[in-house]
Amino acid sequence: MKTISKKISAFLASTLIAFTSLFAFSGAVSADETVPDDPSDGIVTASERKTDLLNEVHENAPKVSAASYILYDANSGTILLGKDYDVKKEPASMTKVMTILLALERLDDNDVVTVNHEMAVAIKAIASDYVKLGLQEGEEITVKDLVYAAVLKSANDASLVLGMHMGGTEREFCNIMNEKAVELGCTNTHFSSSFGLSTPDNVTTPYDMALILNEAVTNTKYPEIAKTLNYTIKATNKYSSDRELTNANRFISTTQYGYEYYLGGKTGFTDTAGYTLCAAAKKNNRTLVGCIFNAADADIRYADLIKLFEYGYTSFATVEITENEFTPLVDEARTQINQLLAETNLYLSNQRIVLDHYITTTSTRAQLGSTNRIDLSNAVIDTAAEHQTMEIPLCKVYSDKTYLVGTLIIEIEKKAGIVEVNPEKLTNLTNVRSLLVTFAVLSGLILLLVIVLLIFRARIIKRRREEATKRANML
């Protein structure tokens with residue numbers, strides 16, 4: 001009986017130690033105790049955030065007359081408003097944004113381009129009603145002059161010459177354009193023209209166009225060029241006088257549509273494409289990009305885009321995510337993990353945080369505030385593994401929605417020179433309620449067993465005493 005009692009005591013002790021470790025670690029599951037249980041139907045992932053706001057009702061959102069459009073938050077990569085934003089359409093002269101982007105990336109301003117015979121032939125093929133700078137065969141002109149002519153005047157021959165200078169032929173340059181589009185994340189774009197020829201196979205979408213323009217205004221000096229009101233091209237070997245250029249974009253050339261936050265853009269028009277316009281704006285370090293396809297007339301595209309920008313800046317908020325705000329939760333999680341691993345032959349070998357830089361939500365939601373949370377609901381440690389990596393979600397929780405904003409990456413390794421006694425054991429970091437139930441059942445069974453054993457022992461002792469008494473009486 002002493003042996004049985006010792007085994008029962010040992011089992012109870014080990015069970016209590018295991019339970020205590022798991023219960024202590026459960027605090028890291030809801031590391032911020034002020035965070036309520038999941039307030040939404042689910043966590044909005046990074047990919048879902050791109051279009052999540054389109055599923056909400058936005059009161060007083062501006063009505064846009066264009067066939068398709070988009071308002072895109074460049075900081076967070078979120079579509080704020082849109083209609084048919086993934087439908088392919090002709091961009092007209094907005095095509096030139098890609099040509100200028102590549103020219104600014106690949107060429108030096110002071111490089112001199114000579115209009116060769118092939119270029120001259122291609123220029124003559126451009127329809128007479130398309131805007132041209134008037135480039136001549138053999139003319140020598142700088143890259144800078146061609147770029148300003150393409151952006152300010154929308155000169156189709158300037159854009160064509162730039163493309164052929166980079167690609168050798170326009171067809172080869174279009175291949176370069178399409179490769180760049182894929183690199184930027186465009187999935188519905190195919191360029192067959194360097195300047196925006198009206199053709200069914202020169203197409204893009206409002207979303208793809210937003211990506212292209214954002215790259216141009218973010219990583220090149222496109223804004224400096226696009227916001228220039230006047231520019232002078234000096235006389236060349238084929239043109240005896242200066243050529244004065246005035247920016248045709250109404251964001252710059254008029255007071256009626258002048259927009260103080262305008263960063264850069266491009267207009268376009270053909271009979272089949274209608275009136276098009278793409279533009280970027282920057283306010284309080286927040287960049288919005290708007291693209292309008294097939295607007296009703298030349299003026300309304302500007303008015304609609306300004307309304308979209310103003311609505312975007314007032315009705316939505318872009319929140320910066322910093323590592324410091326998650327540091328307390330990460331430190332607590334690491335401490336709890338280390339405490340749990342102390343009972344094993346494992347140790348936490350490395351950790352790092354991967355965070356999104358920004359998220360965008362409605363201004364109303366942002367004003368109500370948020371809390372941060374580490375989600376350990378699916379975190380499991382395998383004590384048999386030599387090396388394992390755990391990816392633990394980091395969330396920002398609002399009153400009605402939870403956003404996945406990053407990942408805590410934990411690496412766990414087995415200590416050298418230690419043999420695992422029970423290699424099949426899995427240490428679950430959550431499901432504390434299930435553990436409580438299991439522990440309660442086991443404790444009840446153990447208690448019942450102890451009682452039965454004690455009763456059985458008492459009966460044996462009683463029987464032995466009675467037998468001893470009988471023997472004594474017989475003597």
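The values are calculated or read from the model by the stated rules, or taken from the named source; none is laboratory data. Treat the numbers as computed from the prediction; the structure is a model and nothing was measured. Counting neighbours? That spans all protein chains shown, and the Cβs are built from the backbone with ideal geometry, glycine included.
A few points about this structure:
- When the residues of region 260-281 are filtered to those that are touching a residue at least 24 places away in the same chain (Cβ under 8 Å) and surrounded by fewer than 17 Cβ atoms within 10 Å (Cβ to Cβ), the one that is nearest to Asp86 (Cα to Cα) is Thr272.
- Any hit, region 462-470, residues being at pLDDT 65 or above, at negative phi and hydrophobic (A, V, I, L, M, F, W, C): no
- Filtered residues of region 113-140 (kept if of a type in the set (A, V, I, L, M) and in contact with a helix residue (DSSP H, G or I) (Cβ under 8 Å, 6 or more places away or on another chain)): Val113, Val115, Met119, Ala122, Ile123, Ile126, Val131, Leu133, Leu135
- Qualifying strands (runs of 3 or more DSSP E) (wholly inside region 252-348; at least 1 residues being in contact with a helix residue (DSSP H, G or I) (Cβ under 8 Å, 6 or more places away or on another chain) and within 30 Å of Ser193 (Cβ to Cβ)): 262-270, 274-283, 286-295
- Restricting region 220-229 to residues that are touching a residue at least 40 places away in the same chain (Cβ under 8 Å) and either within 25 Å of the chain's Cα centre (by Cα) or surrounded by fewer than 23 Cβ atoms within 10 Å (Cβ to Cβ) (or both), the residue that is nearest to Val97 (Cα to Cα) is Tyr222.
- As a summary of the residue check, Asn378 satisfies the conditions (1) at pLDDT 95 or above; (2) of a type outside the set (A, V, I, L, M); (3) out of contact with any strand residue (DSSP E or B) (no Cβ under 6 Å at 6 or more places or on another chain) except for the one numbered (1).
- Residues of region 125-161 classified as more than 35 Å from the chain's Cα centre (by Cα) and either in a loop (DSSP other than H, G, I, E, B) or not assigned by TED's automatic domain parsing to the domain that holds Lys221 (or both), total: 16
- Members of region 379-416 that are in contact (Cβ under 8 Å) with a residue 40 or more places away in the chain and outside any strand (DSSP E or B): Ala379, Thr383, Ala384, Tyr398, Ser399, Asp400, Lys401, Lys415
- Filter result for Leu376 (of a type in the set (A, V, I, L, M), in contact with a helix residue (DSSP H, G or I) (Cβ under 9 Å, 6 or more places away or on another chain) and more than 30 Å from Leu288 (Cα to Cα)): yes
- Checklist (1) touching an Asp or Glu at 6+ places or on another chain (Cβ under 7 Å); (2) of a type outside the set (Ser, Thr, Tyr); (3) over 30 Å from Asn214 (Cβ atoms) applied to Glu137, failing item: (1)
- Single unsatisfied condition, Val217 versus (1) in contact with a Pro (Cβ under 8 Å, 6 or more places away or on another chain); (2) within 30 Å of Gly369 (Cβ to Cβ): (2)
- Leading residue by the ranking (surrounded by the fewest Cβ atoms within 10 Å (Cβ to Cβ)) among those in region 97-121 that are among the polar types (S, T, N, Q) and within 29 Å of Leu184 (Cβ to Cβ): Asn110
- Taking every residue in region 100-124 that is touching a residue at least 24 places away in the same chain (Cβ under 8 Å) and pairing it with any residue that is loosely packed, with under 13 Cβ neighbours inside 10 Å, at least 6 positions away or on another chain, the pairs with Cβ-Cβ distances below 7 Å are Val112/Glu140; Thr114/Glu140.
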